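Presented below is the structure to which this report refers.
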Amino acid sequence: MSHNGSDATRLEWFGKARFGLFVHWGMYSVLGRGEQVMIRDLMPRAEYDPHADRFRPRADWAERLAERAVHTGAKYVVLTTRHHDGYCLFDTETHDFNAAHTGPGRDLVAEFVDAMRRAGLRVGFYYSLLNWRWPGVWDPVKHAGDLPRMVEEVRSQIRELMTRYGSVDILWYDGAALPGSAAHGMWGGHPIDRGRAAFWRSEELNAMVRELQPNILINNRSGGGADFGTPEQRVTGDPAGKAWETCMTVNYAPGWGFIRYSLANKTPGEVLFNLMDAVRLGGNFLLNVGPRPDGLIDPREGRILEELGRWMAKHGEAVYGTKPERLYPLRGRAQGPMYHYGMWTCKGTTAYFTFFYYPGTELVISKIGPGVRSARLLGSEGDLELVPMSNCRTLIRGLPETPPDPLAPVIQVEFEAPPYALTELDANWLDGTFEPRVSGAADTEVSRSV
Ligand code: GLC
């Protein structure tokens, strides 16, 4: 892999950003039944394609999206430049099934990049290697001639994306399926007998990408070399301690593209819980929205973004630039259950505690070392009262009786040194004489509340 700078340097902004917006948007939005409506409803191309002419985004969609992202507290936005239906939001020379040659009549990727940059946001391109429109995807024996053309199409389009829009911060691959695999059992043959990376020539493709965009971050879905992992709809740390990003929908359906009638959405509290769960374990959180065909966010999703944005404006320091430090380590991996009443995030000796379970006027900090120096509630003035207690605990007093934020209040706690978990309990705690053994602290996990 040839690229400039160390991996750690390239990944620095990403690790600090922690929170991004994922945008699934394409001509399928017109139908309002998710991004996979073509295959779900088995729509032939002749039935599906004309909808592209009904796809008429507003002129200011990208600007409004950028405003939204900033307002929500996201630091980067990843847009589906092409999904599995093969429709390109950019003006590609490879085929006319794209935004410039159908309803929009414009290069939407150019508008996107322009608006995000102006708003100070980092830019990511989602790109599906798989393109359902090739018969070879479904029957690679009968349509064997498609296979090299599919790979070539990807290469040409990726080259277009990497050369026409200035610097791109993230390339977010998806759909590196092998021809025949999706239709296995239907067409009677066997999927292409090669690894994904070998079929899509991912190493070669990514070498080209890194040559053209030396600072880009590439996700792990091309089968080739990757900068970060992509747990989908779940929060799981990387076992090898590599960078990772949870992507998640607002709805439970789940649909990533616009769903006109989505009946089971997460509440702002659920979204925030997942976001903080990823952040406390050292991961990023990529929250998905599926804009309407005109490009605006639907009020149902909008309300969630609004509430999250309000929370982030007040508590963002508990998110950006934080690390798990030694609070959630489990044999080198960031793992382990959340801390009794909520979740910790850290920046050196400063730690933030986000409550998901509010204790009332007093909070006992237990099983965490070293000593607490001060504590204050974010969004209000003055220090909270501290009372040392037995068993290495600290009592924080003077919290409002009811949660001071409708979502999740946060207190900022200064420790004497970067905090660590104290989990090696012995029976002495029953007498109130528990003394921590600090030596093993880095290698233990925060135990569940007893
Ligand atoms: C799932 C969906 C796909 C979506 C992706 C995002 O794989 O099937 O449509 O783009 O998640 O990670």
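The values are calculated or read from the model by the stated rules, or taken from the named source; none is laboratory data. Treat the numbers as computed from the prediction; the structure is a model and nothing was measured. Backbone-built Cβ (ideal geometry, glycine too); neighbour counts: all protein chains shown. Only protein heavy atoms, including side chains, enter the accessible area calculation; ligands, DNA and RNA are left aside. Shrake-Rupley method; radii C 1.70, N 1.55, O 1.52, S 1.80 Å.
Things worth noting here:
- Inter-probe distance in nm under a simple model that places probes 7 Å from Cα toward Cβ, at Asp60 and Lys242: 4.3
- HN-Hα J in Hz across the range 57-69 - Karplus 6.51, -1.76, 1.60, θ = phi - 60°, x for Gly and Pro: x, 5, 5, 9, 4, 5, 4, 5, 5, 4, 4, 4, 4
- Cα shape, the range 175-272, gyration tensor, a/c 1.5 rule: oblate
- Shown here for the range 290-393: chymotrypsin sites (Phe, Trp or Tyr not before Pro) in loop regions (DSSP other than H, G, I, E, B) with at most 12 other Cβ atoms within 10 Å, namely Tyr357.
- Over 25 Å [Cα-Cα, the range 342-443], rounded percent: 20
- Using a Förster distance of 22 Å, the FRET efficiency for Glu211-Glu93 (Cβ separation, nearest 0.05): 0.60
- Length, then width, then depth: along the principal axes, the Cα atoms of the range 245-350 run 46, 28, 23 Å.
- Counting only DSSP beta bridges whose two residues both lie in the range 7-318, roughly 10 percent are antiparallel.
- Selection from Leu178, Tyr127, Thr249 lying farthest towards where the dipole of the range 7-318 points positive, charges on Cβ: Thr249
- Solvent-accessible area, 1.4 Å probe, carbon plus sulfur percent, for the range 7-318: 52
- Where Cα atoms sit under 23 Å apart: lysine pairs in the chain separated by 8 or more or lying on different chains: 18
- Among Gly26, Gly295, Gly225, the residue with the largest mean-square fluctuation in a Gaussian network model of the chain, with springs joining Cα atoms closer than 10 Å, is Gly225.
- When the Cα positions of Gly34, Ala99, Thr163 are compared along the charge dipole of the range 7-318, Gly34 comes out farthest toward the positive end, with charges on each C-beta of Lys, Arg, Asp and Glu.
- Note: relative contact order over the chain, using C-alpha pairs below 8 Å and six or more positions apart, is 15 percent.
- For the chain, the longest principal axis of the Cα atoms and the long axis of helix 7-17 meet at an angle of about 70 degrees.
- Descending semi-axes in Å of the range 1-51, equivalent ellipsoid built from Cα gyration tensor: 39, 15, 8
- Max mean-square fluctuation residue, GNM over the chain, Cα-Cα springs under 10 Å, options Ala66, Ala198, Ala318: Ala198
- Computed magnitude of the charge dipole of the chain (debye, nearest 20; Cβ of K, R +1, Cβ of D, E -1): 180
- Farthest toward positive dipole pole in the chain [+1 Lys/Arg, -1 Asp/Glu at C-beta], among Ala69, Trp311, Pro148: Pro148
- Residue among Asp238, Asp431, Asp96 with the largest mean-square fluctuation in a Gaussian network model of the chain, springs linking Cα atoms under 10 Å: Asp431
- The Cα center of the range 215-287 and the Cα center of the range 75-120 differ in position by 22 Å.
- The per residue volume of the convex hull around the alpha-carbon atoms of the chain is 156 Å³.
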